[in-house]
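For reference, the structure discussed in these notes is given below.
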Amino acid sequence: MPFELAVTCPKTIGYLEYEQREPVDDEVLVRTTVSGIKHGTELNTYRGVIPFADRLWDPGLRVFRPLRPGEKAEPFFPHTMGSWAAGVVVAVGPRVRRFRPGDHVHGEWKHRQTVIRAEEALYPVASEADDETMVFSDPARFALAGIHDAEIKLGDHVAIFGLGAIGMLALQMARLSGAEKVFAVDPIPGRLELARMLGADVTIDPTEYDAGLAIKEATGGVDVALEITGAY
């Protein structure tokens, strides 16, 4: 039987077996070739320090809120992980038109060996790309949303706080959007070095300098600041 990755309890990884049925209607059966790990959310899940494990998602407020009297949260563990993956189409339902067995696709699913997804939930892997590259379309969409919301204009000065995958992508997108000067802030030296390679004009380690003061002294302030540290 195929299996999927799960955190069975804090700091314990396990494999959960599942039965894989055949696709019907507009469904596509995919064999996973690669899945992306989110080092922030998923490491916190593994450590058992995820901040919303004992909270409820409120769709009206669009936040995880504390439990109210009489409410109960579903047990958090075992908890399957994963968010974006890529793979090869194994079989398709009779209503599928865009994909056929052998095609490479990517989309949202867990760390598991196989998955069934609706045709509309999958995206083709471009001929000039590969499965591993397309996994980065997940952080890229969040970076792009931030860039669009920020409405960066030609000549703007931009500060990016947090240089994980999303921050690095946002840095490059800020440049492509016309930013004249980009400040990159992160406490990890290797990230600062990579940020300079990707086009950051000034890199700042906030454990050594007051980042806000350093930016003010350098340019008087910025037009746009993007907070992408992922700190809860």
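Report D for the stretch 147-194 in µm² per second (integer): Stokes-Einstein, Kirkwood Rh on Cα pairs, 4 °C, 1.567 mPa s.
The diffusion coefficient I find is 120 µm²/s.
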Using the Karplus equation 6.51 cos²θ - 1.76 cosθ + 1.60 (θ = phi - 60°), what ³J(HN,Hα) coupling, rounded to whole Hz, does each residue of the stretch 35-42 give in order, writing x for Gly and Pro? 9, x, 9, 8, 5, x, 4, 6
Solvent-free Debye scattering, log10 I(q)/I(0), computed from the Cα coordinates of the stretch 137-227 at q = 0.16, 0.18 Å⁻¹: -0.54, -0.69
I'm a student and want to see the number: the projected area of the Cα convex hull of the stretch 1-69, averaged over all directions, in nm². 7.8 nm²
How big is the stretch 3-129 on each of its three principal axes, counting only the C-alpha atoms and giving the largest first in Å? 50, 32, 31
Taking max minus min of the Cα coordinates of the chain on each principal axis, largest first, gives extents in Å of 62, 51, 34
Out of G164, G155, G107, a Gaussian network model of the chain with alpha-carbon springs under 10 Å gives the largest mean-square fluctuation to G155
Name the long-range amide H neighbours of D156: under 5 Å, sequence gap of 5 or more, or other chain; modelled H, no Pro or chain starts. E180
What span do the alpha-carbon atoms of the stretch 84-146 cover on each of the three principal axes, reported in whole Å from largest to smallest? 39, 24, 21
Report, in debye and to the nearest 20, how large the dipole of the stretch 3-129 comes out about its Cα centre when Lys and Arg carry +1 and Asp and Glu carry -1 on their Cβ. 360 debye
Sum -39500 (n - 2.57) across every DSSP H segment of at least 4 residues in the chain, then divide by the residue count to get the 222 nm mean residue ellipticity, nearest 500. -6500 deg cm²/dmol
For the stretch 1-70, what is the charge dipole size about the Cα centre, in debye to the nearest 20, if Lys and Arg each add +1 at the Cβ and Asp and Glu each add -1 at the Cβ? 640 debye
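Dipole size in debye (nearest 20) for the chain around its Cα centre, Lys and Arg Cβ +1, Asp and Glu Cβ -1?
420 debye
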Counting only DSSP beta bridges with both partners in the chain, the antiparallel fraction in percent, to the nearest 5, comes to 75 percent
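No lab work stands behind these numbers, since they all come straight from the coordinates. Just so it is clear, the model here is predicted, and its values are computed rather than measured. Cβ sites come from the backbone with ideal geometry, for glycine too, and all protein chains shown count toward neighbours.
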